[in-house]
Amino acid sequence: MLSPFLAYLLSVVLLCRIARSQYSSDQCSWRGSGLTHEGHTRDVEQVYLRCAQGFLEWLYPTGAIIVNLRPNTLSPAASLLSVCIKPSKESSGTHIYLDRLGKLRLLLREEDQAEGRVHCFSIQDGALFIEAVPQRDISRKITAFQYELVNHRPGADPQSLSAPCQPCTDAEVLLAACTSDFVARGNILGVAEADDQTSVTVSLSRLYRQKTRVFVSGGGRAKRWTGFVKMPRQCRVKPGEGEFLFTGTVRFGEAWLSCAPRYKDFLRVYQDAQQQGTNPCHLETD
């Protein structure tokens, strides 16, 4: 027969196993159920995510969870990262706050999440505190969002996905050609403006690199690629003649522009750096 202490210890272990079985988590993503909080609506669950991107899905939210987003490697540069989250349009049942040293700042109300818009903040602003809105019926409530850690170009707004509108320096152009999620040579076909962003239709004669398939091939002998590049509306881009070198980041499946010099200007900068031996990488320019 077990002693009272051993019986208590065994019950704690079993409860922990039951709780873990109702949650699915790895270093990148987390799925959980608020049903484990039922009857304990003041419970706060700690969630730790340590990847560059992933998702969170909280079914039947009750109580609250604290989501700690951090890169999987620590370095001085990590303090400069921003976190961007994109709620599902079906996301509901909670308010989302930023929690810095116990002080809460509202980031997204429940009704804001249905817009599905990207919201960014500095990683120094703290963790996400996600609090369930009291409901009589939680059976249809699910809070869900994707997240990405973003390394911004210097001078960029940490609350934005995009780079600032001012032209890149020569050094920034060379670095962008080596490190961007996409690098391509091509023309601007058209420009469409929405409420807060501009979508540029591009036709590419050369695709040096793309992190994910944001540009698609048109096939044929004269192989070209087409796609869309996003930027803030205030950048006021217009269709123009001539070729550009398009560089930028891929965020939530969309291409966002960083540096986009005219190709002839990039070629001059690249060749000058090549002669001086200061190119950070090699790019085929023929």
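The values are calculated or read from the model by the stated rules, or taken from the named source; none is laboratory data. These figures come from a predicted structure and were not determined experimentally. Cβ placement follows ideal geometry from the backbone for every residue including glycine, while neighbour counts extend to all protein chains displayed. Accessible surface is based on the protein model in full, side chains and every heavy atom, while ligands, DNA and RNA are left aside. Shrake-Rupley method; radii C 1.70, N 1.55, O 1.52, S 1.80 Å.
Brief remarks follow.
- The stretch 55-115 and the stretch 237-286: distance between their alpha carbon centers, rounded to Å: 34
- Taking packing as the residue-averaged number of other Cβ atoms within 10 angstrom, the listed peptides 251-261, 123-133, 63-73 run from highest to lowest as 251-261, 123-133, 63-73.
- Share of carbon and sulfur in the accessible heavy-atom surface of the stretch 175-286 [1.4 Å probe, %]: 47
- The length gained on full extension between F252 and D272, counted as 0.36 nm times the residue separation minus their Cα-Cα distance, comes to 3.6 nm.
- Per residue, the average separation of C-alpha pairs within less than 8 Å and at least 6 apart gives the stretch 54-128 a relative contact order of 38 percent.
- Summing charges over all other residues whose Cβ lies under 14 Å from the Cβ of L267, with Lys and Arg as +1 and Asp and Glu as -1, gives -1.
- Annotation: extensible slack from R209 through S79 equals 44.0 nm (criterion: 0.36 nm per residue apart, minus Cα-Cα distance).
- A simple count of charges around V214, restricted to other residues whose Cβ falls under 12 Å of its Cβ and scoring Lys, Arg +1 and Asp, Glu -1, yields +3.
- Residue-normalised accessible area of the stretch 217-268, given per residue in Å² at a 1.4 Å probe: 56
- Legend: distances between Cα atoms for K89/K230; K141/K230; K89/K141; pairs beyond 23 Å are K141/K230.
- Local electrostatic count at E115 - Lys and Arg +1, Asp and Glu -1, tallied over other residues with Cβ under 15 Å: -2
- Working from label points 7 Å from Cα in the Cα-to-Cβ sense, the E115 to S29 distance is 2.6 nm.
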